[in-house]
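The values are calculated or read from the model by the stated rules, or taken from the named source; none is laboratory data. Keep in mind the model is a prediction, meaning the values are calculated, not measured. Note: ideal-geometry Cβ built from the backbone for every residue, glycine included; neighbour counts use all protein chains shown.
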Amino acid sequence: MSENVFAPGPTPNTVRCADGKVLTAPDGWILLPPGDAALTRRVKAAGDHWVVQERKGRKIFSRGMWASAATIDRIRAELDAERSTEGFAKKKEADARRRDKAQAEYVEDFLGAVVTILGFHGNYAELAHRMARAVTDHATPVGSGTVARTKRIPVEQRAEAAVIAWMRHQTTGYDGMVIPRVKGKRREVRRMLARRSHELLERYRRGVPVGECPLKKALKMATTAKAELLDFLRRSEATPAAKALLKRTFQEFVLEYGWWYEPAGPDVKVATGTPQECHKNATDLALADDSLIYCEGYALLKSGSMPTLHAWVTDGKGRAIDNTWPQPGVAYAGVPFTSLFVNMTALKNHAIISLLDDFQNNWPLRGDLGDRPDEWLELRGRGTGRIGE
């Protein structure tokens, strides 16, 4: 821990040094919350400051930065002035287009690499493309933290590693295994499962008959559940009264701004919430951990069930972390929201309720507010792929 990096102190206006000593923030200082990288960088460069970080397990989370209130206010005003110009808006839009184009190109390159690595016999060409798409959707989202995002190895090696990782989680019992906490044991289990995956892939490469195997089951389940949910979203139709008052249905909002999310496995541990209170449960998780992002949309508990207006959190890796249902759902389609918007809506309503079904304020996201995603959309919470694409 460097000399101006501290852990949270026992009270709101204190920090704790590496040696355990507790310091009180100087008079005139305030805590700048995390979330605005440009503001944080400029305040750091402007002079004295205390960075507050909290370690949880192997992860380190930012809890903000203490600095002079006058400095923060001055720099925030300067930034607001810069951001209000037409030139800044154009630059931001151009940057977003450039990033989206680069990401789209990488996704297609990675998809091609996965198809090549699979190398299935012509008899299984359609299955190869379905599997390649599933692996790519899981591995390539920005911020996913998967091997597909590293630049340390060639894309061909990334593709091969991503295939084996996907098969480990989708076609084996790895996620439910109780592995002894012995050094090297988890690596040993992974290698054993990788050998099985390679053996199964070889059968498809040779073109020999393959019965109902774990791979086919996994692809069938993923495809069927998403198809069911997508069909439900596309079939939505507003009542005549709603059409006269609102611009879009709940489902149309999710189609316009939503992402697909993969159900998180049992290795993701979170506190179980109260049954039938998904919005409060997800909000509590997002507020307790700034690495988690609140999402709301529709989800399927199991194939064949009725899609439900639901809330969960994501970790920025395209995973739906659901602490309401007794078991993860099979398909999640939703929109990630900023913590600020979630908090302000709760304060306005004096309760935590659905953001989409905010009847107390005449469903603002279904009206004009839905046309201004810069006020509520949290791009850190993007899923594995856009729903409408």
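Go through the stretch 242-283 and give me each residue that's buried (at least 20 other Cβ atoms within 10 Å of the Cβ), over 23 Å from residue 137 (Cα atoms) and among the charged types (D, E, K, R).
Across the stretch 242-283, the qualifying residue is only 248.
Step by step: first the residues of the stretch 219-241, then only those that are part of a helix (DSSP H, G or I) and of a type in the set (D, E, K, R), then the one that is surrounded by the fewest Cβ atoms within 10 Å (Cβ to Cβ). Which residue is that?
Across the stretch 219-241, the extreme among qualifying residues is 231.
Look through the stretch 117-170, keep the residues that are of a type in the set (Ser, Thr, Tyr) and over 19 Å from residue 268 (Cβ atoms), and return whichever of them is surrounded by the fewest Cβ atoms within 10 Å (Cβ to Cβ).
150
Looking at residue 146, is it within 28 Å of the chain's Cα centre (by Cα) and of a type in the set (S, T, N, Q)?
yes
Just checking, how many residues over the stretch 285-299 are surrounded by fewer than 20 Cβ atoms within 10 Å (Cβ to Cβ) and among the charged types (D, E, K, R)?
2
Out of the residues in the stretch 356-369 that are touching a residue at least 60 places away in the same chain (Cβ under 8 Å) and under 16 Å from residue 342 (Cβ atoms), state the one that is surrounded by the most Cβ atoms within 10 Å (Cβ to Cβ).
365
Condition first: of a type outside the set (Val, Ile, Thr), part of a loop (DSSP other than H, G, I, E, B) and either at positive phi or free of Cβ contacts under 8 Å to residues at least 60 places away in the same chain (or both). Now tell me which residues in the stretch 264-301 satisfy that. Even if it seems obvious, please write down each step before you answer.
Step one: list which residues in the stretch 264-301 are of a type outside the set (Val, Ile, Thr), which gives 264-267, 269, 271, 273, 275-282, 284-292, 294-301.
Remaining after also requiring part of a loop (DSSP other than H, G, I, E, B): 264-267, 269, 271, 273, 275-277, 289-292, 301.
Within the stretch 264-301, 269, 271, 273, 275, 276, 277, 292, 301 qualify.
So, in the stretch 208-241, how many residues would count as being more than 21 Å from residue 125 (Cβ to Cβ), of a type in the set (A, V, I, L, M) and more than 31 Å from the chain's Cα centre (by Cα)?
Here the count works out to 1.
Would the stretch 59-82 turn up any residue that is closer than 30 Å to residue 207 by Cα, within 24 Å of the chain's Cα centre (by Cα) and either surrounded by 14 or more Cβ atoms within 10 Å (Cβ to Cβ) or not hydrophobic (A, V, I, L, M, F, W, C) (or both)? Before the answer, list the steps.
As a first pass, look at the stretch 59-82 and keep what is closer than 30 Å to residue 207 by Cα: none.
There is no residue in the stretch 59-82 that is closer than 30 Å to residue 207 by Cα, within 24 Å of the chain's Cα centre (by Cα) and either surrounded by 14 or more Cβ atoms within 10 Å (Cβ to Cβ) or not hydrophobic (A, V, I, L, M, F, W, C) (or both).
In the stretch 133-166, what count of residues is obtained for those that are assigned to a helix (DSSP H, G or I) and out of contact with any His (no Cβ under 7 Å at 6 or more places or on another chain)?
21
Which residue pairs have Cβ atoms under 7 Å apart, sit 6 or more places apart or on different chains, and have a first residue in the stretch 179-208 that is assigned by TED's automatic domain parsing to the domain that holds residue 117 and a second that is small (Gly, Ala, Ser)?
If the second residue must be small (Gly, Ala, Ser), the pairs left are 205/119.
Restricting the stretch 75-126 to residues that are aromatic (Phe, Trp, Tyr) and part of a helix (DSSP H, G or I), which is nearest to residue 154 (Cα to Cα)?
Residue satisfying both the conditions and the ranking: 110.
For the stretch 54-75, which positions are polar (S, T, N, Q) and in contact with a Ser or Thr (Cβ under 9 Å, 6 or more places away or on another chain)?
Correct list: 62 only.
Limited to the stretch 315-343, what total is found for residues that are in contact (Cβ under 8 Å) with a residue 60 or more places away in the chain and aromatic (Phe, Trp, Tyr)?
1
Working carefully through the options 15, 43, find the one that is β-branched (Val, Ile, Thr), touching a helix residue (DSSP H, G or I) at 6+ places or on another chain (Cβ under 7 Å) and surrounded by 13 or more Cβ atoms within 10 Å (Cβ to Cβ). Before the answer, list the steps.
On the way: 15 fails: touching a helix residue (DSSP H, G or I) at 6+ places or on another chain (Cβ under 7 Å).
Result: 43 is the single residue among 15, 43 that is β-branched (Val, Ile, Thr), touching a helix residue (DSSP H, G or I) at 6+ places or on another chain (Cβ under 7 Å) and surrounded by 13 or more Cβ atoms within 10 Å (Cβ to Cβ).
Cβ contacts < 6 Å: first residue touching a residue at least 24 places away in the same chain (Cβ under 8 Å) and in the same structural domain as residue 135 (by TED's automatic domain parsing), restricted to the stretch 93-112; second residue in a helix (DSSP H, G or I) and not hydrophobic (A, V, I, L, M, F, W, C), any location; separation 6+ or different chain. Result?
110/136; 111/136
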